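Enquirer: Handing you this structure, nothing more for now.
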Amino acid sequence: MTKAAIFGCSGLSLNEEERGFFRETRPWGFILFARNIDNPDQVSALCDDLRESAGRDAPILIDQEGGRVARLRAPHWREWSPALTLAEATELGEAERCAALSLRYEIIGRELRASGIDVDCAPLLDVPAPEGHDVIGDRALGYDADSITLRARSVYDGLLRAGVLPVVKHVPGHGRAAVDSHKTLPVVDASLEDLRAVDFAPFAAFADAPLAMTAHVVYSAIDSERCATVSPTVITLIRDELGMDGLLMTDDLSMHALEGDFADRTRDSLAAGCDVILHCNGDMAEMRAIATALPDLTGDALRRANHAEALRSHADTTVQLDALDKRYAALVERVGMRHA
């Protein structure tokens, strides 16, 4: 049986301890970071090894937004400016911005697929607030819910055309967080009315998304004690009010917004209603602790996982990256950056 987890690994290739652990635990998926990336052949080999260790065609995730959050870098992959550079480019009309975003993320997706990666943790649906920490900042797709929703759909569609599954994040919204959840726990005191009107709106528009990632953020108007990832009240709101029935993964359990040992973090997240946990840093001791609390994927979680996997497709091989590059360049030439 497949376990309710997405794990990282420590280096450019699997060591024997990792290989044995993954064969034993059979996680649903894996995630790659910069420490796992050298060149396209190496990444492809690592992806093959990860899937072999899991005994199945497991999804492999990466954060490839462009800008400061990009694990694949030059010289082997394209470099991109922050998403906000293109999303808010005043030289382009809104239809042109959306067309360019769609092409940008199709190019990104095709580069991922060529290296064996089939899930991209994008687009961000977070609406940045003036008081918000810049952990979101220029990763955002705009400054208001309507613009972000429109542009995120272009990102989403571009990735799907490349045969890559998008992960919408960070539900139900990280834009108001005044601190970085990688380092400490954010508390958002906005009213439920304001949250519904702004932060939640893009996620409600993506109720059809097959994959979503939680925010390690406390929303005091909903649950003043627990962040979204471990709050049954918030997860119920995500499912029932926002209508999101896709596979819900936690943000990284090793982030400092969370407390307690890793078995407790796992149990609390899954008990709250998350379908799978995400653990990114490849630390074997932490992963072994998580494994003691991991159930098999069953019921609705398994249904959602199967639905997401069924949406993976192979991109149209008749489309060439050079042709996409030319179309993209023609759209963004006025922005003044080759890979805006």
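Enquirer: Rounded to the nearest 0.05, what FRET efficiency is calculated for HIS256 and ARG334 with R0 set to 41 Å and r the Cβ-Cβ distance?
Expert: Here the calculated transfer efficiency is 0.45.
Enquirer: Now a separate question. Using only Cα atoms, what Kirkwood radius does region 261-309 have, in angstroms?
Expert: 11.5 Å is the Kirkwood radius here.
Enquirer: Can you list the equivalent-ellipsoid semi-axes of region 115-232, largest first and in whole Å, using the square root of 5 times each Cα gyration tensor eigenvalue?
Expert: One finds semi-axes of 24, 15, 13 Å for region 115-232.
Enquirer: Using the eigenvalues of the Cα gyration tensor, what equivalent ellipsoid semi-axes result for the chain when each is taken as the square root of five times the eigenvalue, whole Å, largest first?
Expert: One finds semi-axes of 29, 26, 17 Å for the chain.
Enquirer: In whole Å and largest first, what semi-axes does the C-alpha gyration tensor of region 231-331 yield when each eigenvalue is scaled by 5 and square-rooted? Mind dumping the intermediate values first?
Expert: Numbers: eigenvalues 223, 72, 45 Å².
Its equivalent ellipsoid spans semi-axes of 33, 19, 15 Å.
Enquirer: Can you work out D for region 91-155 in µm² s⁻¹ from Stokes-Einstein, where Rh is the Kirkwood radius over C-alpha pairs, the temperature is 37 °C and the viscosity is 0.692 mPa s?
Expert: Answer from the Stokes-Einstein relation: 255 µm²/s.
Enquirer: While we're here: Sum up the charges of everything whose Cβ sits under 10 Å from the Cβ of SER147, counting Lys and Arg as +1 and Asp and Glu as -1, but leave SER147 out.
Expert: Once positives and negatives cancel, what remains is -2.
Enquirer: In terms of the ratio Rg/(2.2 N^0.38 Å) built on C-alpha atoms, what value belongs to region 13-157?
Expert: 1.17
Enquirer: Nearest 5 is fine: what % of DSSP beta bridges in the chain come out antiparallel, could you say?
Expert: The answer is about 10 percent antiparallel.
Enquirer: Kindly write out, for region 317-331 in residue order, the coupling ³J(HN,Hα) from the Karplus curve 6.51 cos²θ - 1.76 cosθ + 1.60 (θ = phi - 60°), rounded to whole Hz, with x marking Gly and Pro.
Expert: Values per residue, Gly and Pro as x: 6, 6, 8, 9, 4, 4, 5, 5, 4, 5, 5, 5, 4, 5, 6 Hz.
Enquirer: Here is a further query. Can you compute 3J(HN,Hα) from phi for each residue in region 136-151, using the Karplus curve 6.51 cos²θ - 1.76 cosθ + 1.60 with θ = phi - 60°, rounded to whole Hz and x for Gly and Pro?
Expert: Working through the residues one at a time gives 8, x, 7, 7, 5, 9, x, 10, 9, 4, 5, 5, 5, 4, 5, 5 Hz.
Enquirer: While we're here: Could you compute the FRET efficiency for HIS307 and ALA271, with r as their C-beta to C-beta distance and R0 at 35 Å, rounded to 0.05?
Expert: Values: r = 22 Å, r/R0 = 0.64.
For R0 = 35 Å, the calculated efficiency reads 0.95.
Enquirer: Let me ask you something else. Most exposed first by the Cβ proxy, i.e. fewest other Cβ within 10 Å, how do VAL43, VAL69 rank?
Expert: Ascending Cβ contact count within 10 Å gives the list VAL69, VAL43.
Enquirer: If you don't mind, there's one more thing I want to ask. So what is the diffusion coefficient of region 191-255 in µm² per second by Stokes-Einstein at 25 °C and 0.890 mPa s, using a Kirkwood Rh over Cα pairs? Could the numbers behind the result be given before it?
Expert: Working: Rh = 12.0 Å.
The diffusion coefficient I find is 204 µm²/s.
Enquirer: Order 265-278, 187-200 from most to least packed using the mean count of other Cβ atoms within 10 Å.
Expert: Going from most to least packed, we get 265-278, 187-200.
Enquirer: Let me ask something else. Short version: ³J(HN,Hα) in whole Hz for each residue of region 33-46, in order, from phi by Karplus 6.51 cos²θ - 1.76 cosθ + 1.60 (θ = phi - 60°), x for Gly and Pro, what are they?
Expert: Here the 3J(HN,Hα) series is 10, 4, 5, 9, 10, 10, 8, x, 5, 5, 5, 4, 5, 5 Hz.
Enquirer: Viscosity 1.306 mPa s, temperature 10 °C: Stokes-Einstein D of region 141-191 from its Kirkwood Cα radius, in µm² per second?
Expert: Details: Rh = 12.9 Å.
Estimated via Stokes-Einstein, D reaches 123 µm²/s.
Enquirer: Over all directions, what mean area does the Cα convex hull of region 272-340 project, stated in square nanometres? Please list the in-between numbers first.
Expert: Working: hull surface 35.5 nm².
If I average the Cα hull's projected area over directions, I get 8.9 nm².
The numbers here are math on the coordinates, done by the rules we state, and not lab data. Source: prediction; values computed, not measured. No Cβ is skipped: glycine too gets one built from the backbone with ideal geometry, and neighbour counts run over all protein chains shown.
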